[in-house]
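Structure, as structure tokens:
The values are calculated or read from the model by the stated rules, or taken from the named source; none is laboratory data. Worth saying up front: this structure is predicted, and the values here are computed from it rather than measured. Here Cβ is always computed from backbone atoms with ideal geometry, including for glycine, and neighbour counts include all displayed protein chains. Side chains are part of the model used for accessible areas, which takes the heavy atoms of the whole protein and leaves out ligands, DNA and RNA. Shrake-Rupley method; radii C 1.70, N 1.55, O 1.52, S 1.80 Å.
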Amino acid sequence: MKCCETNAGVSGCITKAKSAQDNPVDEVLPLNKLIIYGVQHVCTFYAAAVIVPIILANALNLSRNDLLHLINADLFTCGIASLIQSVGIGKIGVRLPLLQGVTFTAMVPMVTIGVAAGGGIEGLREIYGAILIAGLFAFVAGKYFSKIVRFFPPVVMGSTILIVGLALLPIAANDIVGGQSPSIMQSSVNIRNIYYALGTFFLIVILQRVLRGFFSTIAVLLGLLLCSGIAMMLGDMKVHDYNALPWVAYTQPFYFGLPVFHIAPILSMTVVMIIAMIETSAGVYAIGSIVKRDIHADDIASAIQADGLATVLGSIFNSFPYTCYAENVGLVRMTGVRSRWVIVSASVIMIILSSFPVSAALVASIPAPVLGGAALAMFATVAMIGVQILSQVDFDDHSNIIIAGASVALSMLVTAQPHITDSLPSWVRIVFGSGITVGALTAIFLSLLFNHVLPPSKSDKNLASN
């Protein structure tokens, strides 16, 4: 007799079917929705994805063809990395709707390593040697790093996620004003850029509020398309130079030659990967709160090992270190679409774009202020996820106020004044030159200090409760 032919069997089958139906993370949506949602994720992610290879190519004096190859390689490896994270390979990959991208923490160290090696192709080869070893380190260290996650209470993770959202806002602002870098104050801003950015921002907000059903979930994509269309009609969206691009291009392993290995760059990039582990842990906890899934140490280990494997592949395929992308976490929260198969769709789209430079260049033609307006909404949403987690924290305990307040304060100090660490040694700048890193490390250190090294006495707890 089949299981469903007995009372217990019927109950078991119904429970199994219900659990599959009620798990939005594993829901496979219709193909048309998967494609549209995937395109929305790619458009949200694209500007941040290409900024790292652009800055690196300029710093190392690479040719335009080398830059195009770096962008295509980045898209290709981002797609592979996102597939590893969302689909998984054995125990590798957390199988949540997390889109992977280049960690901004790596940008300054990579430029420093490449310039010190003389720039050009030789600089890239030394960068890729450091990335390869750092990726292997992250892959091996992931399961050990996950064991200390139990020391990160909600006040640490909530503060870190809040800091991630706040510290990334200057990147959106830089796109809005057409700046050269978030660390350089723009002295003169084109008012049309402000119109495009605020128009995109408020259009997304209004569309999400007034639209219903499927259309409310693609409000970000609709905002990007509508405002890009307006920019094109006004002559502010440049679509040109496509004839010079090849129709098809493939990412070749070790395109720039075999990696070169030196101790100092390897140590520098290993520090970057440790910081990326913290970023990824925060991203996993954030997405866990969105999809209503409890996050355990094994989940963190799986996610970090996926980052490590993707970073090793990045070295092989001429790309960069990887972490979970905060803007796409924000997009999941804004749209309410929690299926990891949407990330799979976005991954496939990125791999296709990497093979057709013309299509990738078309997406890259979206004006930066339009992307900045969308990113502004996304990063703010990430910050609010942090606030949501912090709402579960007992702030009658004064130590929690100190942990959250101090971490946010120091993070904003470095974010608002990014040159504050310029006079420090280079290895110190790698660790403390990022507001996200400073804030996360402060929250972790103070939590360990207050809760484990100097735990409150019984009299302190009684005083706090009264």
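Key figures for this structure:
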{"quantity": "Segment 117-155, residues that are among the charged types (D, E, K, R), within 23 Å of His296 (Cβ to Cβ) and surrounded by 16 or more Cβ atoms within 10 Å (Cβ to Cβ)", "calculated": "Lys143"}
{"quantity": "Verdict on Ile420 being more than 24 Å from the chain's Cα centre (by Cα), modelled with pLDDT of 80 or more, β-branched (Val, Ile, Thr) and farther than 26 Å from Val149 by Cβ", "calculated": "yes"}
{"quantity": "Among (1) more than 12 Å from Val155 (Cβ to Cβ); (2) modelled with pLDDT of 85 or more, the one test that Ser434 misses", "calculated": "(2)"}
{"quantity": "Test: residue in segment 71-86 that is aliphatic (A, V, I, L, M) and touching a strand residue (DSSP E or B) at 6+ places or on another chain (Cβ under 6 Å)", "calculated": "yes"}
{"quantity": "Count of residues meeting criterion [of a type in the set (Ser, Thr, Tyr) and at pLDDT below 85] in segment 356-400", "calculated": "3"}
{"quantity": "Selection from segment 437-446 of residues that are modelled with pLDDT of 90 or more and open to solvent by less than 70 Å² (accessible area, probe 1.4 Å)", "calculated": "Thr442, Ala443, Leu446"}
{"quantity": "Residues satisfying the stated conditions in segment 399-419, i.e. free of Cβ contacts under 8 Å to residues at least 60 places away in the same chain and within 21 Å of His452 (Cα to Cα)", "calculated": "Ser399, Ile401, Ile402, Gly405, Ala406"}
{"quantity": "Qualifying positions in segment 208-221 - closer than 18 Å to Phe379 by Cα and either hydrophobic (A, V, I, L, M, F, W, C) or modelled with pLDDT under 80 (or both)", "calculated": "Thr217, Ile218, Ala219, Val220, Leu221"}
{"quantity": "Checklist (1) open to solvent by less than 10 Å² (accessible area, probe 1.4 Å); (2) modelled with pLDDT of 85 or more; (3) within 18 Å of Val332 (Cβ to Cβ) applied to Ala49, failing item", "calculated": "(2)"}
{"quantity": "Helices (runs of 4 or more DSSP H) enclosed by segment 234-335 - at least 3 residues per element that are within 18 Å of Ile131 (Cβ to Cβ)", "calculated": "263-291, 297-316"}
{"quantity": "Unique match (being farther than 30 Å from Leu446 by Cα and part of a loop (DSSP other than H, G, I, E, B)) among Ser188, Ser228", "calculated": "Ser188"}
{"quantity": "All positions within segment 128-163 that are closer than 30 Å to Phe261 by Cβ and among the small types (Gly, Ala, Ser)", "calculated": "Gly129, Ala130, Ala134, Gly135, Ala138, Ala141, Gly142, Ser146"}
{"quantity": "Every pair of residues 6+ apart whose Cβ atoms lie under 6 Å, when the first sits in segment 59-76 and is free of Cβ contacts under 8 Å to residues at least 40 places away in the same chain while the second is assigned to a helix (DSSP H, G or I) and buried (at least 19 other Cβ atoms within 10 Å of the Cβ)", "calculated": "Leu67/Ala57"}
{"quantity": "Considering residues of segment 342-354 that are surrounded by fewer than 21 Cβ atoms within 10 Å (Cβ to Cβ) and in contact with a Ser or Thr (Cβ under 8 Å, 6 or more places away or on another chain) only, the residue modelled with the lowest pLDDT", "calculated": "Ile352"}
{"quantity": "Residues (closer than 16 Å to Gly283 by Cα and crowded, with 24+ Cβ neighbours inside 10 Å) located in segment 316-333", "calculated": "Pro321, Tyr322, Thr323, Cys324, Tyr325, Ala326, Glu327, Asn328, Val329, Gly330, Leu331, Val332"}
{"quantity": "Some residue of segment 223-230 being without any contact (Cβ under 8 Å) to a residue 12 or more places away in the chain and either among the basic types (Lys, Arg) or open to solvent by less than 20 Å² (accessible area, probe 1.4 Å) (or both)", "calculated": "no"}
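For every residue, the table says whether it meets (1) at pLDDT 90 or above; (2) among the charged types (D, E, K, R); (3) surrounded by 16 or more Cβ atoms within 10 Å (Cβ to Cβ); (4) in contact with a Cys (Cβ under 7 Å, 6 or more places away or on another chain).
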{"residue": "Ala244", "(1), (2), (3), (4)": "no, no, no, no"}
{"residue": "Phe254", "(1), (2), (3), (4)": "yes, no, no, no"}
{"residue": "Val260", "(1), (2), (3), (4)": "yes, no, yes, no"}
{"residue": "Val271", "(1), (2), (3), (4)": "no, no, yes, no"}
{"residue": "Lys292", "(1), (2), (3), (4)": "no, yes, no, no"}
{"residue": "Gly308", "(1), (2), (3), (4)": "yes, no, yes, no"}
{"residue": "Gly314", "(1), (2), (3), (4)": "yes, no, yes, no"}
